[in-house]
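Laboratory data are not the source of any read-out in this text; all were calculated from the coordinates shown. Just so we're clear, the structure is a prediction, and the values are computed from it rather than from any experiment. Cβ coordinates were reconstructed from backbone atoms using ideal geometry, including for glycine residues, and neighbour counts include every protein chain displayed.
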Ligand code: TYM
């Protein structure tokens, strides 16, 4: 049986190496396996859970789509579209809001982090955001969802919602409980400035992340300035426990060079950071610069990008209209 893959990325500014290694790189390898049917979504409805400038949002939707294509996603092999063009996502989200429980949402750690100290001022959308994510996934009967570690809890909620709907309406096979696909070692790429914080678009310091559109000089400079420690690189993974920055940089190298963590440790054991950092920035430039060049090229032709999204939305609508109609029938509409 074919695996059905679904994943999404928010169009909220520059994508970074964490998004690439934790998610998009994996999207491409899943797409290139003939046993998979893949749907990749630019989740613009999720983006508006925090304030967005309309003009910038429009550009960001195109930029994220360009990043998908430049990284190797192919609209002939995968369905690529933006969420707001397929109304079943909003509609399904409402129905599932009536299935999900407040107590489940109250446990979501990402809401607590994003809402910060003043929860009263957060949008209701930010609070129910994981329900929209469940609708995204369940509408396509997705079996597998490639994500970074930070989305694991949301995936568990999607499974709970699927199971509760099936149970409540006595339709045990209606929604499939999706499996997360989280890569070992590379599921949480950390900030270059602090190995205890994840690499993130919202970090005020640009030196904390490598953006997919950074120039060669910016990449070299950021790796040079990346936080490290004073010891040489270890000969065993166990000796990295208290060295999160070293572990992170070795993880980035392993993922981009498509090799195991162990092989990277063997390659650099006993070497000092300056030598390793030279190799690492060379590798990042080699892998990221072609993507960055391609993004810039694609962004010169908005009509091409808009066409990809339109075509993707038509295909996505066909799948989701059927599913949402079945949902409505089950509910009694
Ligand atoms: P978003 O846009 O924050 O991130 C997109 C993907 O990148 C991963 N990621 C990381 N992986 C490793 N290290 C990091 N530092 C890092 N930062 C981000 C995220 O885990 C994610 O896989 N809610 C989702 C988008 C979404 C979605 C979905 C995902 C909406 N609907 C349905 C899967 C299925 C989000 O905000 O991702």
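Taking the conditions (1) surrounded by 15 or more Cβ atoms within 10 Å (Cβ to Cβ); (2) in contact with a strand residue (DSSP E or B) (Cβ under 7 Å, 6 or more places away or on another chain) in turn, residue 185 satisfies each one other than (2). Sub-9 Å Cβ pairs linking a first residue in region 195-208 that is under 12 Å from residue 17 (Cα atoms) to a second residue that is loosely packed, with under 14 Cβ neighbours inside 10 Å, at least 6 apart or interchain, are 208/197, ordered by first then second residue. Within region 153-170, residues that are farther than 16 Å from residue 141 by Cα have Cβ atoms under 9 Å from residues that are outside any loop (DSSP other than H, G, I, E, B) and within 12 Å of the ligand (Cβ to nearest atom) in these pairs: 153/110; 153/130; 154/110; 154/129; 154/130; 154/133; 154/134, counting only partners at least 6 apart in sequence or on another chain. When you go through 96, 15, 57 one by one, which is the residue that is under 18 Å from the mean Cα position of the chain (by Cα) and more than 9 Å from the ligand (Cβ to nearest atom)? Exactly one residue qualifies, and that residue is 57.
The single condition from (1) more than 17 Å from the chain's Cα centre (by Cα); (2) within 27 Å of residue 26 (Cβ to Cβ); (3) part of a loop (DSSP other than H, G, I, E, B) that residue 170 fails is (2).
Table: residues versus (1) buried (at least 16 other Cβ atoms within 10 Å of the Cβ); (2) in a helix (DSSP H, G or I); (3) touching a residue at least 12 places away in the same chain (Cβ under 8 Å).
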position: 270; (1), (2), (3): no, no, yes
position: 275; (1), (2), (3): no, yes, no
position: 288; (1), (2), (3): yes, yes, yes
position: 313; (1), (2), (3): yes, yes, yes
position: 316; (1), (2), (3): yes, yes, yes
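Count of region 134-167 residues, restricted to those that are touching a helix residue (DSSP H, G or I) at 6+ places or on another chain (Cβ under 6 Å), away from the ligand (no atom under 12 Å from the Cβ) and not in a helix (DSSP H, G or I), is 0. The conditions are (1) under 30 Å from residue 326 (Cα atoms); (2) touching a residue at least 60 places away in the same chain (Cβ under 8 Å); (3) within 12 Å of the ligand (Cβ to nearest atom), and residue 180 fails exactly one of them. Which is it? (2) is the only condition that residue 180 fails.
Would you pick out the residues in region 214-227 that are surrounded by fewer than 20 Cβ atoms within 10 Å (Cβ to Cβ) and under 22 Å from residue 296 (Cβ atoms)? Write out each step before concluding.
Taking region 214-227 and keeping what is surrounded by fewer than 20 Cβ atoms within 10 Å (Cβ to Cβ), we get 215-218, 220-221, 224-225, 227.
Scanning region 214-227 gives 215, 216, 217, 218, 220, 221.
Within region 97-121, the set of residues being closer than 16 Å to residue 134 by Cα, free of Cβ contacts under 8 Å to residues at least 24 places away in the same chain and surrounded by 15 or more Cβ atoms within 10 Å (Cβ to Cβ) comprises just one member, 111. Evaluation of residue 214 against the conditions (1) over 30 Å from residue 164 (Cβ atoms); (2) touching a residue at least 12 places away in the same chain (Cβ under 8 Å); (3) not in a loop (DSSP other than H, G, I, E, B) shows that the sole unmet condition is (3).
Scanning region 26-54 for residues that are near the ligand (Cβ under 10 Å from one of its atoms) and touching a residue at least 60 places away in the same chain (Cβ under 8 Å) returns 26, 27, 39, 41, 42, 43, 45, 46, 49. From the list 207, 192, 249, 233, the one residue that fits, being in contact with a helix residue (DSSP H, G or I) (Cβ under 8 Å, 6 or more places away or on another chain), crowded, with 20+ Cβ neighbours inside 10 Å and assigned to a helix (DSSP H, G or I), is 249.
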